[in-house]
1. What do you reckon, is B:GLY109 buried (at least 20 other Cβ atoms within 10 Å of the Cβ) and under 30 Å from B:LYS164 (Cβ atoms)?
2. Look through the range B:57-66, keep the residues that are in contact with a strand residue (DSSP E or B) (Cβ under 7 Å, 6 or more places away or on another chain) and not small (Gly, Ala, Ser), and return whichever of them is surrounded by the fewest Cβ atoms within 10 Å (Cβ to Cβ).
3. Are there helices (runs of 4 or more DSSP H) fully within the range B:1-114 with at least 3 residues that are of a type outside the set (Lys, Arg) and at pLDDT 90 or above? List them.
4. Which one is nearest to A:TYR281 (Cα to Cα), of the residues in the range A:388-437 that are in a helix (DSSP H, G or I) and in contact with a Pro (Cβ under 6 Å, 6 or more places away or on another chain)?
5. Go through (1) surrounded by fewer than 18 Cβ atoms within 10 Å (Cβ to Cβ); (2) free of Cβ contacts under 8 Å to residues at least 40 places away in the same chain for B:VAL255 and report which single condition fails.
6. Taking into account only those residues within the range A:191-246 that are farther than 20 Å from A:GLY109 by Cβ and within 12 Å of chain B (Cβ to nearest Cβ), which is most open to solvent (accessible area, probe 1.4 Å)?
7. Kindly indicate which of A:VAL214, A:VAL198 is touching a helix residue (DSSP H, G or I) at 6+ places or on another chain (Cβ under 8 Å) and modelled with pLDDT of 95 or more.
8. Across the range B:265-290, which residue is surrounded by the fewest Cβ atoms within 10 Å (Cβ to Cβ) among those that are part of a helix (DSSP H, G or I) and within 12 Å of the chain's Cα centre (by Cα)?
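The values are calculated or read from the model by the stated rules, or taken from the named source; none is laboratory data. Remember, predicted model here, so these are calculated numbers, not experimental data. Quick reminder, even Gly has a Cβ in these numbers, built from the backbone with ideal geometry, and neighbours come from all protein chains shown. With ligands, DNA and RNA removed, areas are computed over all heavy atoms of the protein, side chains included. Shrake-Rupley method; radii C 1.70, N 1.55, O 1.52, S 1.80 Å.
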Protein chains: 2
Amino acid sequence: LRERLAAINECFADNHTLTRPPRSVATGNGQEHPCRHYEPEEVVDYLCRDVAIVEPASGLQKKLKLDRPLVVKLGFDPTAPDLHLGHAVVLRKLREFQDLGHHVNIIIGDFTAAIGDPTGRNTARPPLSKEQIEKNAETYLQQLGTVLDLEKVQITRNSEWYSKMSFADTLRLLGQATLSQLLSRRDFSDRYERGLPVHMHEMVYPLMQGNDSVNISADIELGGTDQLFNNLVGRGLQENGGHEGQVVICMPILVGLDGSEKMSKSKNNHVGLQDAPEEMYGKLMSIPDACLPQYIELAMADDPAVKQELLREFTDGPRGRMELKMAMAYDVVRQYHGSNAAQQASDHFDRTIRNRAHLEKDYQVVNVSQIHGEVDMPLLYEAVASLRGCSRNEARKFITGGGARVNGQTEKDPFYQLEPRNQESVFLQLGKRQHFRIESP
Amino acid sequence: LRERLAAINECFADNHTLTRPPRSVATGNGQEHPCRHYEPEEVVDYLCRDVAIVEPASGLQKKLKLDRPLVVKLGFDPTAPDLHLGHAVVLRKLREFQDLGHHVNIIIGDFTAAIGDPTGRNTARPPLSKEQIEKNAETYLQQLGTVLDLEKVQITRNSEWYSKMSFADTLRLLGQATLSQLLSRRDFSDRYERGLPVHMHEMVYPLMQGNDSVNISADIELGGTDQLFNNLVGRGLQENGGHEGQVVICMPILVGLDGSEKMSKSKNNHVGLQDAPEEMYGKLMSIPDACLPQYIELAMADDPAVKQELLREFTDGPRGRMELKMAMAYDVVRQYHGSNAAQQASDHFDRTIRNRAHLEKDYQVVNVSQIHGEVDMPLLYEAVASLRGCSRNEARKFITGGGARVNGQTEKDPFYQLEPRNQESVFLQLGKRQHFRIESP
């Protein structure tokens, strides 16, 4: 198994470049952009291969045919400066545009951050001082640097135009949207229909974001699928002003470590881009198996061949999911910290899992044949029923209730196939106090 | 009948004062206000006798107990400077406050008038120049002078604060209202539900009007019942700011000359406050009978005894509605042009109606007995059936289709009781060319 993992790892070069243009071209200097050497159709296929939504569908090709560096916009809210792997999904797409010679323009929403929540009810959005905003923006840029080429990024603060905006301008901006357009945003209509307050200033925010696009003449706006509505507003405002609307590209949303909710710092289900290698590796090893394909697709570096192999293994392969997870975790850590750090994190994980078991004074060594008279590793529920001396049904309930940990991780699938870690033992913890080491004969 | 009318008219003094404080007190100089000589309860009864809504119900009394001149606000939109009898219903209530020594503050909405309709779709609201707005405001003030004591009116332009309002202030203002609060305004929810556009800037207007109240620290806001929502928004904003909210007083809406829609210049169903006496009188004589009680209550000068007598006559009295209408028309013209002008307008109306009939070369004199063999005047459909030689059902359709004019006015009620004008003749026009003068024997 170690060799297989090493083979997979070798597929990745040891550098921080996350994305590659369709063929290996040196990226241009911003004036000369390499995408001119390809047919726009080829570039579109390349850029869209892992994208969730392009609106309008033919828009990207049309923009690329303009044969000039495009302005690619990403908005950032400086109240939440901690970037995680969910953000990285979008940032890596931005990097692809950057590598193709296009201009990335990051809008820092400093204006609204300085206001905070004007109703004062949302304590998570206090008004931030100029200093706090600048500090957050700096932290943010530093993290961006783990994915983007910062020297080629243009940073724009939207206070540049909003601090000068008159009330008359505001009414003219608001006049460009109707109530039903804004209520087509599900977040608003859901809350309205459920009787929860939607404050009027909130309905201005999509228009502000859209107006940012007008101000920087964005050709493309990137975001997660949850930004589709806001980013289409920008397209509409540009068209109202007699300009061609931006193309909206939405990336899939990465699920958090809990496997159920969108990755976010407030849910504490995130892997920060600046997490230490060992922390990053450990968090990634804790995801539910069911999320592994998504992490392979969205968090791993961009090598379609490797991803495809791992996904095939996940569905049909003879190997356990633990080792696929290790390959994924290794690659993610490698992207942000390099190969050496990734290897050390992997080793550290092995050691601590093993050590944890060794430190337990009362772990009990069990030979696999004691469990079900065979030399193959049992399914989890078989082991639990045998070790706890209970019925299979009770064992199933115990497992789905979260009582069993396999090699340090909670495993809720009763049919989970136990397999020895590094061809040695399976460490099985039942409840708080029962520790077993199941060994092959 | 002429004598009865003269007797009614004598009830009114020949002056332009439309309202009177509860007892005949000289009005104060603004510092010394006469209402202090009455119990607040008495003043409340007096001020509320013809009011549609006071919100909150106990609010007016509480404000009057403050024992200082109150700030009474009325907003004015300088895109539509022509005032009519509908506005006068509210203005006369303002005058009552003024006569009691309170401070009238007229807000001129010059800020929004200068913007016009930001969507550019409503051609009735083009952006107005400063000059046009000032000209409209001047015209408006001149018309206000027919009802209010202009020397004691404070004029405020809301550009005073809105021209200085920052975008941040705007967001803070908007944060004070929720979508569902604004959608409780029927105009918005109706349009939204019917799929008609509600532009977002429109939803800001109620907040702007409300914010005007905050800026002038209004104690009371007057308006028609159609302003209830907007004026309650002002109350809410004042309370949000930690102040006592204004009391909202709404006057009934006067129906237009067509008897169906609210009086408005755009519907061309209005009597302008500066219409010439004869025009005013003629227009008032053209209202459908069914509206007469409303005009007696809302357009006539404030003498409850006279009004009550006329209303009793309308319901039970032996006299025709034409003469009650003349009494009403006389009194309204008298308010804005004086007794002499009112008398002249009345005479002119008589002459022209009569002359119009005389000028017709082909009018046919018919004795009432020719119609139905009796000396009493017939119902309209009886006359039409007889004079056109058609069935009663055909006559009914002809009348409800608008084919019959009685004494110069279209009459659509087949059961209308004809009665001789000034005890002489009934002039009946059927279609465009048939003119009859029906005479009593």
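1. yes
2. My answer is B:LYS63.
3. B:40-48, B:59-64, B:85-99
4. Top of the filtered list is A:ILE399.
5. Checking B:VAL255 against (1) surrounded by fewer than 18 Cβ atoms within 10 Å (Cβ to Cβ); (2) free of Cβ contacts under 8 Å to residues at least 40 places away in the same chain, the one that fails is (1).
6. Checking each candidate, the answer is A:ARG194.
7. It is A:VAL214.
8. B:LYS265
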